[in-house]
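Shown next, in structure tokens, is the structure this report addresses.
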Amino acid sequence: MEDEIFEQRTDLTKLNTAVEQIKATLAKIIVGQHDSIDLLIAGILANGHILIEGVPGVAKTLTAKLIAKSIDAKYSRIQFTPDLMPSDILGTSVFNPKTTDFEFKQGPIFGNIILIDEINRAPAKTQSALFEVMEERQITIDGHTYNMQEPFTVLATQNPVEHEGTYRLPEAQLDRFLFKIEIKYPSLDEEIAIITQQHGQKTTDQLKHIEPVLTAPDVISLRDVVMGLHVEHKLIAYVAKIIHESRNNKSLYLGGSPRASLAIINAAKAIAAIKGRDFVTPDDIIYVSAPVLRHRIMLTPDKEMEGVTPDDVIGQIIQKIEVPR
Amino acid sequence: MVKLKPAVFFTLIFAIFLSSSSFAAIKKVPAKTQTDTSKIQVKSFDSKEIKKSLADKDFNYNDIHNAGQPSLWARFWSWLWDLLFGWVDKSTVGGSIMKYILLTLSVSFLVFVVFQSLGIDPIKLWQGEAKKINVPYSESLENIHEINFDGEIEKSVSQRDYRLAVRLLYLRCLKQLSDTHLIQWQIDKTNSAYVYELTDPVQKQTFGLLTRQFEYVWYGDFPIDQQAFVNINQLFQSFKKQLV
């Protein structure tokens, strides 16, 4: 009916086709996790970095690898360990005896899709190496600035911080991630489906037959489409209210930053595009609020002791604010 | 080391013993008193200086004139105390306790007044309550039960503001659903939440369609002309009949 009255202003056909293909590719290997996959795709379309958290064995790395494989771009993987140095990530200047000069040897961060596995295994010194590259998409070494190639997306996995041998990521770094996606244990039916699927596998290399769906230029053009989507002014005010309330909420020690406001808007645009709309609705904003805010806010110590989660507080904040219509 | 023969050794010991006894046997000679024959110079104190020092306040350790007299500040507090709490007997133990309680209350009241004058609510500050946010937002806390829909829709249509007219049609639709207890109106619920709340499949489908129309017009800012408004209005009217 709406097609009879309203003609589409933005052509989202290519985007929706690509999203459906990526989902279909992932569905061959990943059971369930529909929301997580939607958020991963939305994160890439919104030009953001994504942090995936979950206990060991819930296919965090596999999901990230599949997403990376579905894009035909330079992919590199960094396994974070406690003894990793910043130069191991960014690169270092090496003396060349032939030219009698120092040459910069690029580190694994020089890529399009960077998978950082177990990001919270490295201490704060190594984490700090990612600050500049994640926000400004460039690195500065020995006075030289090296720009990253677009698209540049960091997909990082981490175990919950309560686990052995892990470090809490600095707040400044957490704020640079668009989403923190929490991967939960599968339901009973999903668990059965996982076992059945694995049992029927003919090969040990599941990723062997995964074909890329998008190229790097495709991703850049789709990001431009997403950036151009319409957001009504009242919805911008709605997002601002959510973030302001997070800063004044008595359960929170640290609220959302202006970067969080922008992240909600960008992520909501990507979700709207995935749903085939060229405008954002309050549903999109509510849908992305928890993944955008849960790693950016900090609970007060008493609330943490009571077992309150960031998602609980985000839910309470959203309940307080009137949906604009 | 040279080894001494026992005979020589004992001879030496004996000699030492004798010498010490001979010292002990020396008689003490009485001491002679020495006479100081030097000339004595007599010195006298300056009586003027003595008088001056005696008159100096710094050397007066028995200032009986000011002893026991309260300072101006202490007298002020004493006056204020008598004015406010003169009825309390300070000499008893209970009175002393009461004194401190009343002083604490007075100070607390003073702090409260200072905070209030600064525009800070000290009770909320103490309780750690969240400060209310005040974002300028014209539709805030709009109550659908208080809007004169017919009049407002008519006004919007006459002004050719079809976008606002569609919004009012949708809000009226929500009011009707709320009045018939098909949905529970709450400020934090989204349109899709109301769609899911409907149990009748036909109503759900029709209301879902109306919701999409509203969202395209209101959130999507899609341009709407008179003909499009007439079509949308017909959909709303037919849904209204379904509810009756």
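Inclusion of B:K90 among residues that are modelled with pLDDT under 80, more than 14 Å from every other protein chain (Cβ to nearest Cβ) and in a loop (DSSP other than H, G, I, E, B) is warranted.
Select from the stretch A:11-52 the residues that are β-branched (V, I, T) and either part of a helix (DSSP H, G or I) or surrounded by fewer than 16 Cβ atoms within 10 Å (Cβ to Cβ) (or both) and write down the one among them that is nearest to the other protein chains (Cβ to nearest Cβ). Here the answer is A:T13. Filtered by the rule that a residue be acidic (D, E) and modelled with pLDDT of 85 or more, the stretch B:16-55 gives B:D46, B:E49. Out of the residues in the stretch A:236-246 that are among the hydrophobic types (A, V, I, L, M, F, W, C) and under 23 Å from the mean Cα position of the chain (by Cα), state the one that is nearest to the other protein chains (Cβ to nearest Cβ). Filtering the stretch A:236-246 for residues that are among the hydrophobic types (A, V, I, L, M, F, W, C) and under 23 Å from the mean Cα position of the chain (by Cα), the one nearest to the other protein chains (Cβ to nearest Cβ) comes out as A:A240. If only one of A:P324, A:P310, A:P258 is touching a Lys or Arg at 6+ places or on another chain (Cβ under 6 Å) and closer than 16 Å to A:F177 by Cβ, which one is it? Step by step, each of A:P324, A:P310, A:P258 is checked, and only A:P310 is touching a Lys or Arg at 6+ places or on another chain (Cβ under 6 Å) and closer than 16 Å to A:F177 by Cβ.
For the stretch B:212-223, a tally of residues being at the interface with chain A (Cβ under 8 Å from one of its Cβ atoms) and either among the basic types (K, R) or assigned to a loop (DSSP other than H, G, I, E, B) (or both) returns 5. Working only within the stretch A:137-169, note down all residues that are in a loop (DSSP other than H, G, I, E, B) and hydroxyl-bearing (S, T, Y). Scanning the stretch A:137-169 gives A:T166, A:Y167.
Residue count for the stretch A:75-112 under the criterion of being among the aliphatic types (A, V, I, L, M), over 18 Å from A:Y146 (Cβ atoms) and outside any loop (DSSP other than H, G, I, E, B): the result is 0.
Could you please let me know if A:K180 is in contact (Cβ under 8 Å) with a residue 12 or more places away in the chain and buried (at least 18 other Cβ atoms within 10 Å of the Cβ)? Yes; evaluated as a whole, the condition is true for this residue. Scanning the stretch A:155-177 for residues that are of a type in the set (A, V, I, L, M) and farther than 8 Å from A:L51 by Cα turns up A:V161, A:L169, A:A172, A:L174. Restricting attention to the stretch B:188-211 and to residues that are of a type in the set (A, V, I, L, M) and over 27 Å from B:V157 (Cβ atoms), the residue that is nearest to the other protein chains (Cβ to nearest Cβ) turns out to be B:A193. Of all residues in the stretch B:232-244, how many are surrounded by 10 or more Cβ atoms within 10 Å (Cβ to Cβ) and either farther than 25 Å from B:T180 by Cα or more than 9 Å from chain A (Cβ to nearest Cβ) (or both)? Residues that pass the stated criteria total 9. Comparison of A:V219, A:V213, A:V226 shows that the only residue that is surrounded by 13 or more Cβ atoms within 10 Å (Cβ to Cβ) and in contact with a Pro (Cβ under 8 Å, 6 or more places away or on another chain) is A:V219.
Going by the conditions given, is A:D83 more than 30 Å from A:A273 (Cα to Cα) and either free of Cβ contacts under 8 Å to residues at least 40 places away in the same chain or not assigned by TED's automatic domain parsing to the domain that holds A:R296 (or both)? First the steps, then the outcome.
Numbers: more than 30 Å from A:A273 (Cα to Cα): yes; either free of Cβ contacts under 8 Å to residues at least 40 places away in the same chain or not assigned by TED's automatic domain parsing to the domain that holds A:R296 (or both): yes.
Against the criterion (more than 30 Å from A:A273 (Cα to Cα) and either free of Cβ contacts under 8 Å to residues at least 40 places away in the same chain or not assigned by TED's automatic domain parsing to the domain that holds A:R296 (or both)), A:D83 qualifies.
In the stretch A:152-167, the residues that are modelled with pLDDT of 80 or more reach residues that are among the charged types (D, E, K, R) with C-beta atoms within less than 6 angstrom, at least six apart or across chains, in these pairs: A:F152/A:R137; A:T157/A:K60; A:T157/A:D117; A:Q158/A:E53.
With the structure loaded, tell me whether A:T61 is more than 14 Å from every other protein chain (Cβ to nearest Cβ) and either closer than 30 Å to A:G143 by Cα or assigned to a strand (DSSP E or B) (or both) or whether it fails that test. No, not satisfied. Give me a count of the residues in the stretch A:114-130 that are farther than 23 Å from A:S70 by Cβ and either modelled with pLDDT of 90 or more or surrounded by 15 or more Cβ atoms within 10 Å (Cβ to Cβ) (or both). Result for the stretch A:114-130: 7. In the stretch B:163-183, the residues that are part of a helix (DSSP H, G or I) form Cβ pairs under 6 Å with partners that are acidic (D, E), at six or more places apart or across chains, as follows: B:L168/B:E152.
Filtering A:L214, A:L252, A:L178, A:L229 for residues that are within 14 Å of chain B (Cβ to nearest Cβ), touching a strand residue (DSSP E or B) at 6+ places or on another chain (Cβ under 9 Å) and within 25 Å of A:Q21 (Cβ to Cβ) leaves a single hit, A:L229.
A residue that is modelled with pLDDT under 85, polar (S, T, N, Q) and within 25 Å of A:I195 (Cα to Cα) can be found somewhere in the stretch A:58-66. Among residues of the stretch A:282-308 being in contact with a Leu (Cβ under 8 Å, 6 or more places away or on another chain) and β-branched (V, I, T), the one that is farthest from the other protein chains (Cβ to nearest Cβ) is A:V292.
The values are calculated or read from the model by the stated rules, or taken from the named source; none is laboratory data. Source: prediction; values computed, not measured. Counting neighbours? That spans all protein chains shown, and the Cβs are built from the backbone with ideal geometry, glycine included.
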